[in-house]
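Below you'll find the structure, written out as structure tokens, and then a few comments.
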Amino acid sequence: MSQIQACLFDLDGVLVDTAVYHYKAWKRLANELGFDFTEIQNEELKGISRVKSLELILGWGGVSKTEMEKTELATRKNNWYVNMITQMQPSEILPGAKEFLIALKKAGYKTALGSASKNSGVILEKVGITYLFDAIIDGNSVTASKPNPEVFLKGAEAVGVTPEACVVFEDAIAGVEAGKAGGMKVVGIGLPEVLINADLVVSGLHEMTLENLIALN
Ligand code: BG6
Ligand code: MG
């Protein structure tokens, strides 16, 4: 084993593709409020918390709401989203994700989830990979959102590994920044021209092996 001792995973866009469900629910909300919401706008919400996402969407629609109304709107969107994710199946795990997690556990690495989502528990359970994590840190256990490193620092602490010995897997620019701000190595999932501060960029976890993890040292 290398000096890397733990891998910290973002959820949405790294382990599962929930962006489509977020998109459908936000679009329904925007349409009810009288404006449209595009897939391009949805891309900008990657890694962004529910409340911040709502504020961006309201801004794009030129709509202003009170704090109480915002809470109601976020709840309405989340209820639609939860209805969709509770029907998720193990087949919705992104290619290579489960295999890589299993290989990590077999090789003795610690694993933790580091997600902005408050729905991570139900998603992991529905796709059947909860058992592959030593710790789950998500939107319910952090106060600062990415690019603040809190979610990953708490993940490192929960598995008893120093940040320098952790590798973060992230598909969002804010998440890559969070990992770097935490003093960790970061593997970007996506395009190198977008995730420019990542130490390595792959198109998905199917491209990851223990060899290229160790080579990050
Ligand atoms: C992140 C997603 O993982 O979680 C964001 O990339 C989402 O799009 C955020 O807004 C919060 O998710 P949830 O499930 O708490 O609404
Ligand atoms: Mg993500």
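What FRET efficiency comes out for the pair residue 40/residue 107, r = Cβ-Cβ distance, R0 = 41 Å, nearest 0.05? According to the calculation, E is roughly 0.55. In a simple Cβ point-charge model (Lys, Arg +1; Asp, Glu -1; nothing else charged), the chain has a dipole of about 460 debye relative to its Cα centre. Roughly what angle does helix 67-85 make with the longest principal axis of the chain, taking Cα atoms, 0 to 90 degrees, to the nearest 10? Helix 67-85 sits at roughly 60 degrees to that axis. Ellipsoid fit via the Cα gyration tensor, the range 49-103: semi-axes of 33, 13, 9 Å, each the root of five times an eigenvalue, largest first. For the cross-link pairs 65/126; 46/105; 77/98; 52/118; 52/110; 52/146, the ones whose C-alpha atoms lie over 23 Å apart are 65/126; 46/105; 77/98; 52/110.
Mean residue ellipticity, 222 nm, helices only, the chain: the sum of -39500 (n - 2.57) across DSSP H runs of n ≥ 4, divided by residue count and rounded to 500, is -12500 deg cm²/dmol.
Relative to the longest principal axis of the C-alpha atoms of the chain, give the angle of the C-alpha long axis of helix 97-106, reported between 0 and 90° and rounded to the nearest 10°. Value to nearest ten degrees: 40.
By a 1.4 Å probe calculation restricted to protein chains, residue 118 has an accessible surface near 110 Å², given to the nearest 10. Taking other residues whose beta carbon is less than 11 angstrom from the beta carbon of residue 24, and scoring Lys, Arg as +1 and Asp, Glu as -1, yields +2.
Farthest towards the positive end of the charge dipole of the chain, among the residues 4, 87, 100, is the Cα of 87, using unit charges on the Cβ of Lys, Arg, Asp and Glu. Over the chain, Cα pairs under 8 Å with separation of 6+ residues give a relative contact order of 27 percent. Amide H contacts under 5 Å for residue 168: 8, 185, 186, 187, restricted to partners 5 or more places along the chain or on a different chain, H placed in the peptide plane at 1.01 Å from N. I'd like the orientation of helix 50-61 relative to the chain: the angle between its Cα long axis and the longest Cα principal axis, in ° from 0 to 90, rounded to 10. Here the helix axis deviates by roughly 50 degrees.
The string of couplings for the range 120-130 from the Karplus curve (6.51, -1.76, 1.60, θ = phi - 60°) is 5, x, 5, 5, 4, 5, 5, 8, x, 10, 3 Hz, one whole number per residue in order, with x for Gly and Pro.
Taking every protein chain into account, the accessible area of the chain amounts to 46 square angstrom per residue (probe 1.4 Å).
The values are calculated or read from the model by the stated rules, or taken from the named source; none is laboratory data. Only a predicted model underlies this, so the values are computations on that prediction, with no experimental measurement involved. Note that we place each Cβ from the backbone using ideal geometry, even for glycine, and neighbour counts take in every protein chain shown. What goes into the accessible areas is simple: the full protein's heavy atoms, side chains included, and nothing from ligands, DNA or RNA. Shrake-Rupley method; radii C 1.70, N 1.55, O 1.52, S 1.80 Å.
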